[in-house]
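Since the structure comes first, as structure tokens, the remarks are kept for the end.
The values are calculated or read from the model by the stated rules, or taken from the named source; none is laboratory data. These numbers were taken from a predicted model, which means no experiment stands behind them. We place every Cβ from the backbone using ideal geometry, glycine too, and count neighbours over all the protein chains shown. With ligands, DNA and RNA removed, areas are computed over all heavy atoms of the protein, side chains included. Shrake-Rupley method; radii C 1.70, N 1.55, O 1.52, S 1.80 Å.
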Amino acid sequence: MIKISSKALKAFVLSLPLGMAALPSAHAQQAWTLQQCIDYAMEHSITLQQNRITSMQNDLTVLQSKAALFPSLSFSTNQNASWRPYSQSTINLTNGTMTTTQSTVNYNGSYGLNASMTVWNGGRNTKAIRQNEYTAEMSELNTEKTANTLQEQIAQLYVQILYQTEAVRVNQEILKAAEMQRDRAQEMVNVGSLAKVDLMQLQAQTSQDEYNVINAKSQLENYKLQLKQLLELDAATEFNIVTSEATDQQVLAPIPTKEDVFGIALAQRPEIQSSKLNVESSDLAVKVAKAGYLPQVNVNASMGTSNASGMHKAFGEQVKTNLSNSIGMSISVPIFDQRQNRTNVQKAKLTYLNSQLQLQDAQKTLYSTIESYWLNATTSQQQYVYAKANVESMQASYDLVTEQFRLGLKNIVELTTGKTNLMQAEQQLLQSKYNTLYNLAMLRFYQGERIHL
């Protein structure tokens, strides 16, 4: 278990505001890669920093529980003064000597050094240490789990930005083609070869395409804003990602089997390891509860002395004369505790059974997640192959209809239908491509690899 010094803790805390202010300006004019986004989030995420602080606190709890094995030692003193303004002469008999005093102010003091130690309590102290160690380990695993979840969210938004960037480009190309068709139709209207109503339909379609471009850009900025929030970047910070065209080799890469991914994830994923530790901790809690039936043995020792005014002895001599020492042992045997121990044992057993169910649920959830990624990857990959062929077919058909419309062989309805079919095909291609890339990346991530597209 890691020991935390006050110097290290202070350095950690002082680093927080500095780290949060350092990198945004450095990356303000620079496109971010997926790995840069992940690395930055791992360092600056507020949730992760809070989890790390919780882990430090749990480590300190472990140290405290280990210290409970050692004796405790304390010093105490009691100083009293009294004032009797109308005091009369008094006769004191001290050690066979009679003294007469008349003092309006009297004081006395006592001093004690006390030590105690638990010799045996059914092993509760040692079991408590192990329980706290389990808690500390689970806290670290919870930090890893949070980091994994954060990486998945970043990857998802990063892919959404890539997808939406291409969607903006496609919509801009469609708008450009629509503007050319509108301008061509205007020329045809001018020479009387096209009805004005057809031109108005093309103008309306162009306006719709302009709206589609604006809407796509708005969605793109929204995804960027969400990603900046995950990275703890200021909303005003300029933010762009590195964009690159995904190849067929990337999209059509082999998909690992869900059984292989699950087998590796079962041995590595922090949520599973944390659930297993929780089972062990719950089992240990049952033993701690059963220790309540056993006797407890404690030893104690003390050393004390005192002094008082009005004595014909110096302070040092009084302290020496009044010095007393004691040592003792106490044994506590539970006989009737109003069902407390029995209830504690039964509750601990129920908690243990519940922890086993939680482990089974975590394993089931993990398999379900992996199966979902695998199914999405498989389906999207198949859809990509179809969508790519469909786009080529729709593009050829649209080009032909466009040329025939220019020659007056096709009407505006046929042209619009061809354009709509092409847009839908390109939309399906983009969706299948980036769905495949994301789900493949997640399957590799659950196999223990770093997230990459």
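Using just the C-alpha positions of region 180-291 as equal point scatterers, what log10 of I(q)/I(0) does the Debye formula give at each q in 0.13, 0.17 1/Å? Each listed q maps to, in turn, -0.92, -1.01. Fully extending the segment from N108 to V197, taken as 0.36 nm per residue of separation minus the present Cα-Cα distance, adds 20.8 nm.
So for region 239-324, averaging the separation of alpha carbon pairs under 8 Å that are six or more residues apart and normalising by length, what relative contact order in percent results?
Working: 21 pairs, mean separation 14.6, N = 86.
Result for region 239-324 is 17 percent.
Stretched out straight at 0.36 nm per residue, the stretch from N300 to L407 would grow longer than its current Cα-Cα span by 27.7 nm. Taking the inverse of the mean 1/r over every pair of distinct Cα atoms in region 395-453 gives a Kirkwood hydrodynamic radius of 13.9 Å. Once the chain from D260 to D248 is taken as fully extended at 0.36 nm per residue, the excess over their C-alpha distance is 1.9 nm.
For the chain, what % of the accessible area comes from carbon and sulfur atoms, probe 1.4 Å? Spell out each step's value before the answer.
Values: 14470 of 26230 Å².
Roughly 55 percent, rounded to a whole number.
With every protein chain kept in place and ligands, DNA and RNA left out, what is the accessible area per residue of the chain? Probe 1.4 Å, answer in Å². For the chain, the solvent-accessible area averages 58 Å² per residue. Counting only lysines at least 8 places from K433 when in the same chain, those with an alpha carbon closer than 29 Å to its own are K145, K176, K217, K224, K228, K258, K364, K388, K419. In percent, rounded to a whole number, the relative contact order of the chain is 21, using alpha-carbon pairs under 8 Å and six or more apart.
Over region 135-200, with a single point scatterer placed on each C-alpha, what log10 of the ratio I(q)/I(0) does the Debye formula yield at q = 0.14, 0.16 1/Å? Debye curve over Cα of region 135-200, log10 I(q)/I(0) at q = 0.14, 0.16 Å⁻¹: -0.65, -0.72.
With N residues in region 352-447, what two-decimal value do you get for its Cα radius of gyration over 2.2 N^0.38 Å?
Details: Rg = 22.0 Å, N = 96, 2.2 N^0.38 = 12.5 Å.
Its radius of gyration relative to the 2.2 N^0.38 Å reference: 1.77.
For region 249-344, the dipole from Cβ point charges (+1 on Lys and Arg, -1 on Asp and Glu) about the Cα centre works out to 360 debye, to the nearest 20.
In the chain, the C-alpha radius of gyration followed by the widest Cα-Cα span (Dmax) gives 39.3, 141 angstrom.
Kindly provide the helix-only [θ] at 222 nm of the chain, computed as the sum of -39,500 (n - 2.57) over DSSP H runs of four or more divided by all residues, to the nearest 500 deg cm²/dmol? Intermediate values should be presented prior to the final figure.
On the way: 11 runs with 301 residues, N = 453.
Helix-only estimate at 222 nm: -24000 deg cm²/dmol.
Taking θ as phi - 60° and the Karplus parameters 6.51, -1.76 and 1.60, the scalar couplings of region 217-226 work out to 5, 5, 5, 4, 5, 5, 5, 5, 4, 4 Hz in sequence order, x denoting glycine and proline.
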